[in-house]
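As structure tokens, the structure follows; a few thoughts come after it.
The values are calculated or read from the model by the stated rules, or taken from the named source; none is laboratory data. Everything quoted here is computed from the prediction, not taken from an experiment. Heads up, the Cβs are rebuilt from the backbone with ideal geometry, glycines too, and the neighbour counts pull from every protein chain shown.
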Amino acid sequence: MYLAVKQVVGLTASPGAGSANNREAAAEHILELCANMDATDISTIRNEKNILELIRYANKPTEGLVNFTLKYLRHGDYAIK
């Protein structure tokens, strides 16, 4: 038996658009992401008060370089080392 459990997921970064090159394909990609998470609702912040609150609590991302090597596993798979 499958029971749906309510969850709140906050995406603080863009979920991206996959390989989409138009608006419809991008929407389809986001819908697929939501389906994979069993999401039934999508909401965004539009109220200025809430946006200011989010800015106050959200960390600003930093940009940098990360060095890593790929380790060959088997069957063409790789792992980051």
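Numbers at a glance
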read-out: Residues of the stretch 14-28 that turn out to be part of a loop (DSSP other than H, G, I, E, B) and either modelled with pLDDT of 85 or more or farther than 26 Å from A58 by Cα (or both), as a count; value: 4
read-out: The one condition in (1) within 18 Å of the chain's Cα centre (by Cα); (2) at pLDDT 65 or above that L11 fails to fulfil; value: (2)
read-out: Cβ-Cβ under 7 Å pairs, at least 6 apart or on other chains, the stretch 51-72 side closer than 18 Å to S14 by Cα, far side loosely packed, with under 10 Cβ neighbours inside 10 Å and modelled with pLDDT under 85; value: A58/T12
read-out: Residues being surrounded by 10 or more Cβ atoms within 10 Å (Cβ to Cβ), at pLDDT 80 or above and part of a loop (DSSP other than H, G, I, E, B) - total across the stretch 46-67; value: 0
read-out: Residue pairs meeting the criteria (Cβ under 8 Å; at least 6 apart or on separate chains; first over 20 Å from G18 (Cα atoms), in the stretch 34-46; second part of a helix (DSSP H, G or I) and at pLDDT 80 or above); value: I45/I51; I45/L54
read-out: Unique residue being at pLDDT 75 or above and either surrounded by 10 or more Cβ atoms within 10 Å (Cβ to Cβ) or of a type in the set (A, V, I, L, M) (or both) when the list is L31, L70; value: L31
